[in-house]
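Have a look at the structure below before the remarks.
The values are calculated or read from the model by the stated rules, or taken from the named source; none is laboratory data. Every value quoted in this text rests on a predicted model; they were computed, and no experiment measured them. We place every Cβ from the backbone using ideal geometry, glycine too, and count neighbours over all the protein chains shown. The accessibility values were calculated without ligands, DNA or RNA, using every heavy atom of the protein model including side chains. Shrake-Rupley method; radii C 1.70, N 1.55, O 1.52, S 1.80 Å.
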Amino acid sequence: MGLEYVKISPGFEKYMPKDYVDLVKYGQFGKQIDVQQIDQIKELVEEHPMCAGCYMAYFVRIFYASLPKPEDTIVLGTAGCARLALSQAAVPFIYGNYGDTNAVASGLKRALSIRFPDKIKDVVVVAGDGGLMDIGFGMTMHSWFRREKFTTIMVDNEVYGNTGGQESGMSPKGVQLKMAPKGKKFDKINAVELAKTAGCVYVAKLAPTNPKRIAKTIKRAILAARELGPTFIHVYTSCNIEYSIPTERVLADAKEREKNDFGFYEWMTDEAKEYLEEQEKKMAEAKT
Amino acid sequence: MYYVADVKESECAKYNCKQCVLFCPEPNTLMYNSEKHVAWVDYSRCKGCAICVYVCSDLLKRNCIEMVMMTTGE
């Protein structure tokens, strides 16, 4: 962790794998890239085994491209689809037991702030709706109650996609799934309102239809978590297998859901607003 | 045989756009050549989801990408 650990020692370039040399030469380490320049760089995430046309994989790709300091970031995940791509990236990844990601992240963030008091170290949890809102519900909520300073991103595919299609707390009411043939009887959990009540300083909800906006939201969530407290992003990442969406219609589906119930929503405390404005001003000045 | 996306270079070069690159779910698969102003596909990495075709044909009405069957070694 840290820029000096990423760089290759002089004279060793020819012995390192080509992918790694490219990553250091043309990658994101030590640079501030705009997500629109994603075609110009060697991306942090490599080939992964996620399904064709999976928009969770797309979100993970944009997520890595928008990290403000990838060399000083640790990503945490849990059982679920997202970890298949998260673990294929050149950013340290910790695999929590199912449901305890936010407890692991709390400890990790505290340890990092003791070990590196003068450095910025970002901790980001990227887990699914099952890991954060069903099985890990208690640990997620308590990390927010304790106001732990890290970012939680929920990639919500509204189903347990890995285990055959059981309903989750985030599945919409009435939806019929392979292992919920009678249809879901309860409403979708309102995760955004829960996060606001539990003490998050920055809360956002979005569908992955606009890469620039995704990048901006992720950057804001990570910046606010450095200084102020917990932050939360709720993303709709459809499961094209369990919801039987033809792969070429995945983006169309995301756009449709954005119009209906996943419209872009952003909420932050006054303190966070002031802090983010100041930080974004500084970043804009550094660019010019 | 693999089902992959293929960019029609002559069509694509007419526009200075890289929207397909920004919506592909696979990293470093659909890329953009800024000298020739065309997008290009790394066939060995493409999973054939055709989201780029939706972006190019349905959203932008430019029809520069098509899906093709490709044999290994081609």
Computed P(r) (all Cα pairs; region A:140-207; 5 Å bins; percent)
3, 16, 23, 17, 16, 13, 8, 3, 0
In nm, give the distance between the simple-model label positions of A:Gln32 and B:Asn16, each being 7 Å from the Cα along the Cα-to-Cβ direction.
2.5
Projected onto the charge dipole of the protein assembly as shown (unit charges on the beta-carbon of Lys, Arg, Asp and Glu, signs +1, +1, -1, -1), the Cα from A:Val175, A:Tyr275, A:Ile33 with the largest positive-side position is that of A:Tyr275
Just need log10 I(q)/I(0) for region A:28-109 at q = 0.14, 0.21 Å⁻¹, Debye formula, equal scatterers on the alpha-carbon atoms, no solvent, rounded to two decimals.
-0.48, -1.02
With every protein chain present, what accessible area does B:Met69 have (1.4 Å probe, heavy atoms only), rounded to the nearest 10 Å²?
110
Regarding region A:194-280, what whole-number volume in Å³ per residue does the convex hull of its Cα atoms give?
104
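Over the whole of A:58-66, what's the average partner chain Cβ count within 10 Å per residue? Rounded to a whole number, please.
Values: counts 8, 1, 2, 7, 3, 0, 1, 2, 0.
For peptide A:58-66, the averaged partner shielding equals 3.
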Return the single residue from A:Lys196, A:Lys18, A:Lys255 with maximal mean-square fluctuation; model: Gaussian network over chain A, springs between Cα atoms under 10 Å.
A:Lys18
In 5 Å bins starting at zero, report the fraction of Cα pairs in region B:2-70 per bin as a rounded %.
3, 20, 34, 27, 14, 2
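Work out the length of the dipole vector of region A:3-287 about its Cα centre, built from +1 on the beta-carbon of each Lys and Arg and -1 on the beta-carbon of each Asp and Glu, and round it to the nearest 20 debye. If you can, show how the numbers build up before the last one.
Details: 39 positive and 37 negative charges, 33 e Å.
The calculated dipole for region A:3-287 is roughly 160 debye.
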Dipole magnitude of region B:2-70 about its Cα centre (Cβ charges: Lys, Arg +1; Asp, Glu -1), debye to nearest 20
140
Name the residues of region B:13-40 whose accessible area, probed at 1.4 Å, falls by at least 10 Å² once all protein chains are in place instead of their chain on its own?
B:Lys18, B:Val21, B:Leu22, B:Phe23, B:Cys24, B:Pro25, B:Glu26, B:Pro27, B:Asn28, B:Met31, B:Tyr32, B:Ser34
Label-point separation, B:Asn63 to A:Lys14 (7 Å along Cα→Cβ), nm
5.2
Could you run the Debye sum over the Cα atoms of the protein assembly as shown, one equal point scatterer each and no solvent, and tell me log10 of I(q)/I(0) at q = 0.08, 0.09, 0.15 Å⁻¹, two decimals?
-0.40, -0.51, -1.39
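Order A:Arg249, A:Arg110 by their accessible area, 1.4 angstrom probe, all chains in place, largest first.
Values: A:Arg249 105, A:Arg110 125 Å².
Final ranking, largest accessible area leading: A:Arg110, A:Arg249.
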Given a 1.4 Å probe and the protein chains all in place, what does the accessible area of A:Cys51 round to, in Å² to the nearest 10?
60
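List the trypsin sites (Lys or Arg not before Pro) within chain B that DSSP assigns to loop and that have no more than 13 neighbouring Cβ atoms inside 10 Å.
Details: sites: B:Lys8, B:Lys14, B:Lys18, B:Lys36, B:Arg45, B:Lys47, B:Lys61, B:Arg62; in loops: B:Lys8, B:Lys14, B:Lys18, B:Lys36, B:Arg45, B:Lys47, B:Lys61, B:Arg62.
Within chain B, the qualifying trypsin sites (Lys or Arg not before Pro) (loop, at most 13 other Cβ atoms within 10 Å) are B:Lys14, B:Lys36, B:Lys61.
Region A:32-191: Rg/Rh from Cα coordinates, Kirkwood Rh? Walk me through the intermediate numbers first.
Details: Rg = 16.6 Å, Rh = 16.7 Å.
Rg/Rh: 1.00.
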Please work out, to two decimal places, the log10 of the ratio I(q)/I(0) at q = 0.13 Å⁻¹ from a Debye calculation in which every Cα of region A:135-257 carries one identical scatterer.
-0.58
Sequence-separation-based contact order of chain A, relative, with Cα cut under 8 Å and 6+ spacing, percent
17
